[in-house]
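First comes the structure, then the notes that go with it.
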Amino acid sequence: MLTNGFAYFKGDGAPSLARDAARRGRRYAREVLVSTDGEFRKIEGAPLSGKREVALAFSLEKGGFPLVHGYAGGEFCLLGKGTEGVYGARDALGTRGLWAVKSGPGAGSIASDYRMLEGAALVPPGTAYVKGEAVKAAERREEDAGTPSFEEAAKALASLIDGSVRGRVQGQRRVAVSFSGGLDSSLLALVASRYSDVVLCSAYASGSRDEGQSRRAAALLGLELETGVLDAEALAKGSRGAELPPGEATLMDKALWCIYSTTSALAKRRNARMILLGQLADELFGGYMKYAIKAREEGAGAAEAMMRQDARACADRGFLRDEAACSASCEVRFPYADGRIASFAARLPLDYKIRDGERKAVLRAAALELGLPEELASTPKKAAQFSSGAAKLLGRR
């Protein structure tokens, strides 16, 4: 079953916890299903009293275990039932959240949304949670075929990106791309348009870099563009209503929440049930200026360590924040956060990523291989919260 979210409650309080979670979840799911025996049914009138194990799913489809939240091909958390009882698992890059209660009342309860559980902790990426214990999944080791040439790496990366996007959008009549007109979102839009009808969704402040860039890029790609103009009042209202993951919310968190909640709402308006976001491209391929500075001052090893740390940090906040921002409107997928792409990027030397002063060099070369216009492939990097003007407007308040 593909779900918008799920939870498994254990203990004497399972029925009441399930009912409370169902009320909270109705705002972002069309249907709430419940199970006490592996068969799911509508929660209204379901006999829950006295049950010590209750599974809850916010879903568009009916089915049994396992429940997959996300994309089973690589972006997921899941809830299943095996010979040793109920288990949960989170993908290796941590694109979907999975929370678990480790001790006290409700120990062993699991949910894909922290708001469903009291006292729950985030399960680390690439971890299965079985019988109240976290078990690290075995890492898949890729056969070392040596370092390809830069040109070979670009062609291989182009093939991986094409496969990642194709797998995520096939079967969808229409998909949206959260679009700034930069390299990452333009490449996703180009490839997705080969397998589905695509609408580009942009949110920006009047006069910002993204206002002009998104229109130019959409025209070059020949794709429809849906826009939403952000102003100070809308941003303030959006940031106040943001349901961010636990932890102190930064200006960046609030700005990105407003951008992605707006672009996903535009996608829903245009009848797209899925939106693609370009997260992790910078962390995998050296997109931020700080990586180039680190490499210059402390060497390639230090820059690569910083990139790995930043990629890992996305699992603790970035992916969770961005999915939450989109989930009220449509399902989100992150094509660059693909295990095969991440493994390939990890094997490439830093000078394929930061090359002759150009950041994301191998990704830009892969984009040209895939047919992206050179003007878009060479677009300089600027973080979304700044290029959209959202951070500047929020910072004034």
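Can you give me the angle between helix 209-221 and the longest principal axis of the chain, using Cα atoms only, in degrees from 0 to 90, rounded to the nearest 10? Tilt of helix 209-221: around 80 degrees. For the residue pairs Lys136/Lys353; Lys294/Lys360; Lys294/Lys392; Lys237/Lys392; Lys294/Lys381; Lys268/Lys360, the C-alpha atoms sit more than 23 angstrom apart in Lys136/Lys353; Lys294/Lys392; Lys268/Lys360. Once the Cα atoms are used to define both axes, helix 251-269 deviates from the longest principal axis of the chain by about 80 degrees.
Over all other residues within a Cβ to Cβ distance under 12 Å of Tyr288, the charged ones net out to +4, with Lys and Arg as +1 and Asp and Glu as -1. Using a simple spin-label model with pseudo-atoms 7 Å out from Cα toward Cβ, Lys42 and Glu297 lie 6.0 nm apart.
Got the relative contact order for the stretch 2-136 handy, in percent, Cα pairs under 8 Å and 6 or more residues apart?
Working: 326 pairs, mean separation 34.5, N = 135.
Once normalised by length, the contact order is 26 percent.
For the stretch 158-216, the average shadow cast by the Cα convex hull is 4.0 nm², which is a quarter of the hull's surface. The Rg/Rh ratio of the stretch 150-395, with Rg taken over Cα atoms and Rh as the Kirkwood radius over Cα pairs, comes to 0.94.
Å³ per residue of the Cα convex hull, for the stretch 41-192?
Numbers: hull volume 27.0 nm³, N = 152.
Once divided by residue count, the hull of the stretch 41-192 is 177 Å³.
The mean sequence separation of alpha-carbon pairs under 8 Å and at least six residues apart, normalised by the residue count of the chain, gives a relative contact order of 17 percent.
Treat the count of other C-beta atoms within 10 Å as a stand-in for reagent exposure and order Asp162, Asp113 from fewest to most. Numbers along the way, then the final one.
Working: Asp162 19, Asp113 28.
Exposure proxy ranking, most exposed first: Asp162, Asp113.
The angle separating the long axis of helix 300-313 from the principal Cα axis of greatest extent in the chain is about 40 degrees.
Residues of the stretch 260-278 with amide nitrogen under 12 Å from the 7 Å Cα-to-Cβ point of Ala328? Once the point is set 7 Å along Cα→Cβ of Ala328, 260-266 turn out to lie under 12 Å by backbone N, inside the stretch 260-278. In the chain, the calculated helix contribution to ellipticity at 222 nm averages -11500 deg cm²/dmol per residue, counting -39,500 (n - 2.57) for every DSSP H run with n ≥ 4.
Values in this text are rule-based calculations from the coordinates and carry no lab data. None of the values given here were measured: they were computed from a predicted structure. All Cβ positions, glycine included, derive from the backbone under ideal geometry; neighbour counts span all protein chains shown.
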